[in-house]
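Inspection log for the structure reproduced underneath, given as structure tokens.
The values are calculated or read from the model by the stated rules, or taken from the named source; none is laboratory data. These numbers were taken from a predicted model, which means no experiment stands behind them. Cβ placement follows ideal geometry from the backbone for every residue including glycine, while neighbour counts extend to all protein chains displayed. Ligands, DNA and RNA are excluded from the accessible area calculation, which covers all protein heavy atoms including side chains. Shrake-Rupley method; radii C 1.70, N 1.55, O 1.52, S 1.80 Å.
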Amino acid sequence: MTATAPRIRQLPLVRLLFVTAALVCGLFGTLSGTASAHAALTGSDPKDGAVVDVAPKDVTLTFSEQIAMGDNSIRVLDPSSKRVDVAKMRDLSGGGTVRYAVDLKPGLPDGTYTVAWQAVSADSHPVSGAFTFSVGAPSETTATVPDQEAGGGLVGTLYDTVRYLSYAGFVLLVGGAAFILACWQRGASVRPLQQLVVGGWVTLTAATLVLLLLRTPYTGSGKLGDAFDLGGLADVLDTKTGAALVSRLLLLGAAALFIAVLFSAYAKRVTETESEAEAKSGADRTGAESGTDGADGSDGADGEEVSGGADSEAQKARADLTFGLGLGGTVVAAGIAGTWALSEHASTGIQTGLAMPLDVLHLLAVAAWLGGLVSLLTALHRTPDIERAAVRRFSRIAFTSVVVLAVTGLYQAWRQVGSWSALTDTSYGQLLLVKVALIAVLLCAAWFSRRWTGLLGERATAGTEAESETESEEEADAGSEGAGEASDPERAAQLARQRTALATARKKRDRDADTERSGLRRSVLIEACVALVVLAVTTALTGTEPGRTEAKEAGRPGTEAAAPAPARPVNLTEPFDAGGANGKGTVRLTLDPARSGNNLMHVWIDDPAGKPMDVPEVKVAYTLKSEQIGPLPIVPERLAPGHWSASSVQIPMPGEWHLQVTVRTSDIDQTTIEKNVKIG
């Protein structure tokens, strides 16, 4: 026992250092691998700010990548804020171009029209925007652009919450079933573990149904009542995300059949096999104690041969059933994980044929680790008789899962490398640092759990003989006490209940008195709590705007390196002259924090005397010419005379952007100020 103790303590420390280093690289790579910009509006017909002589028949929008849109995703408003689009949105995509259009009412009068759009990128992130065009001549307009972005508000909060629940349900379902089959097969008949796995299935199924219903308002109007719009649901089913959710529901039907077999036929087979093994062990002990019984060897030999054959056949049937359930369960679990891989980050970008299978493997490793962790915690608290061998088997599986997570993350790092500066300069990077820190805490707790597991094994080995003697003495006492009461059925039943109560109390007492087992329960509880937070941070990361890296921009031929993030907001002060009366003034613009992601923009218009100057219209557009992105139109909201603001200016990537500020001082007088600004 003393010889094995040093190995038990030193090996996990070496593994901990290795896995921590791998996870820092792996997690950074995994999340930077998703760091492609959201879909952006790259063109429109009519163009932003255009003045056309004849009203167009439709409005066409062109995007940088595939998006999900509903019938209300594009709205065209006249100067009085009434909708003038009539038909369903038309998908004109083809030949590598993503284009959508809506028809307009015929005979539109002259004036300024506002086009507001919202959608969800192929990587599941919401995007939105607006621009204006005029027929005949510009006019005043009362049209207002919705403050709520696509995927925001109550619907966005509900959608993100249900997404978290779907991940949690998947982890409990797959991880719990894997823990039973690979670590503790007797757990198939333990009610707390049954409730855990079934609860995971119910949670994932319910969450998938709710996501399917919320998809319409999430990508469209943002109104919760539209969740029950059958027409919108039909449109959702035609999208990649809708098909993935329906496929998940079908696979969950197969998972229900798997659960039924696991907790009925398989649990019964395991119980029968272990009962036969215990009976055979008891018979062997009895035969050994009798000594001379069957000394001639004939009857005893025959009995052992028959018993051994039956035991071998039962064990083989159990092994075959375990293999079949393991194979079928793996196929179903991989299919469910594939519904995420087919509809989120792994399905976009380069090498999707390799990225999607690795994403499935990544999700399965997460489920095996975190789901098994919750299962072990449940077993330690609710079933005190879990064997030390089961704990050791899970420890090995958990380590393998962590290594798989690190390897798949390293592939994502190669697939699309991120910049180190983005870790501190963006909300996405800050969330990533939080996740890495939580992973480090989780690995520390896992090291303590592994240490307690080693001590648990030593103590159990040393105490097995004493425990067996104690149980034998108690059974002998109970047997001698019950022998005199065999003729009284009522007394016999009472003694049976007492023996059961004594056995339960003894197990609880032994569990509470076992300091190693108590320490293991505490460390596993810490692991499980941290794991829940990690899952929440991961869910938040999937909805946070990532930025493309400096290294990728600098290494691309024909383009300049992206400028580093400025230490202060972008400030622009430029004079203008729109012509006509009162056409001169000064534009002051600030963009804060002037980096990829969400920014706050303010625009002030001053007259030549430096006083606030109210003008009919101010528009801003950003264009990244090196990447052919934009112009991204921004229509700021008027806060006060001479002061406009936009609270959600999305800059998809760093670089040298071409800024255009259009100021209209009358119905016919306007001018555009152009300036190049570096945005980190």
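Which fully enclosed strands (runs of 3 or more DSSP E) of the stretch 588-659 have 2 or more residues being modelled with pLDDT under 90 and closer than 21 Å to Lys678 by Cα?
597-606, 617-624, 629-634, 643-651
Is it the case that His602 is touching a strand residue (DSSP E or B) at 6+ places or on another chain (Cβ under 8 Å) and either over 24 Å from Ser128 (Cβ atoms) or touching a residue at least 40 places away in the same chain (Cβ under 8 Å) (or both)?
So His602 fits the description; yes.
If you go through the stretch 640-653 one residue at a time, do you hit one that is surrounded by 15 or more Cβ atoms within 10 Å (Cβ to Cβ), in contact with a Leu (Cβ under 9 Å, 6 or more places away or on another chain) and more than 18 Å from Phe131 (Cβ to Cβ)?
Checked the stretch 640-653: at least one residue is surrounded by 15 or more Cβ atoms within 10 Å (Cβ to Cβ), in contact with a Leu (Cβ under 9 Å, 6 or more places away or on another chain) and more than 18 Å from Phe131 (Cβ to Cβ).
Considering only residues that are under 40 Å from the mean Cα position of the chain (by Cα) and among the small types (Gly, Ala, Ser), look in the stretch 572-622 and name the one that is nearest to Gln670 (Cα to Cα).
Ala621
Sort out which residues of the stretch 79-106 are within 23 Å of Gly49 (Cβ to Cβ), open to solvent by 60 Å² or more (accessible area, probe 1.4 Å) and assigned to a loop (DSSP other than H, G, I, E, B), and write them in order of number.
Ser80, Lys82, Leu92, Lys105
So in the stretch 580-620, with the set limited to residues that are among the β-branched types (Val, Ile, Thr) and more than 24 Å from Thr112 (Cβ to Cβ), which one is surrounded by the most Cβ atoms within 10 Å (Cβ to Cβ)?
If we take residues in the stretch 580-620 being among the β-branched types (Val, Ile, Thr) and more than 24 Å from Thr112 (Cβ to Cβ), then Thr590 is surrounded by the most Cβ atoms within 10 Å (Cβ to Cβ).
When the residues of the stretch 33-78 are filtered to those that are of a type in the set (Asp, Glu) and at pLDDT below 85, which remaining residue is surrounded by the most Cβ atoms within 10 Å (Cβ to Cβ)?
Filtering the stretch 33-78 for residues that are of a type in the set (Asp, Glu) and at pLDDT below 85, the one surrounded by the most Cβ atoms within 10 Å (Cβ to Cβ) comes out as Asp48.
I need the full set of residues from the stretch 186-214 which are open to solvent by 50 Å² or more (accessible area, probe 1.4 Å) and either closer than 14 Å to Phe258 by Cβ or of a type in the set (D, E, K, R) (or both), in order please.
If the condition is that a residue be open to solvent by 50 Å² or more (accessible area, probe 1.4 Å) and either closer than 14 Å to Phe258 by Cβ or of a type in the set (D, E, K, R) (or both), then Arg186, Arg191, Val198, Trp201 are the ones that fit.
Does Gly222 meet the test of being touching a residue at least 40 places away in the same chain (Cβ under 8 Å), in a loop (DSSP other than H, G, I, E, B) and either more than 20 Å from Thr322 (Cα to Cα) or open to solvent by 10 Å² or more (accessible area, probe 1.4 Å) (or both)?
Considered against the rule, which asks whether it is touching a residue at least 40 places away in the same chain (Cβ under 8 Å), in a loop (DSSP other than H, G, I, E, B) and either more than 20 Å from Thr322 (Cα to Cα) or open to solvent by 10 Å² or more (accessible area, probe 1.4 Å) (or both), Gly222 comes out as yes.
Check off (1) under 35 Å from the mean Cα position of the chain (by Cα); (2) buried (at least 21 other Cβ atoms within 10 Å of the Cβ); (3) not aromatic (Phe, Trp, Tyr) for Lys625 and give me the number that stays unchecked.
Exception for Lys625: condition (2).
Which of (1) closer than 24 Å to Val120 by Cα; (2) touching a Gly at 6+ places or on another chain (Cβ under 8 Å) does Ile668 not meet, given it meets every other one?
(1)
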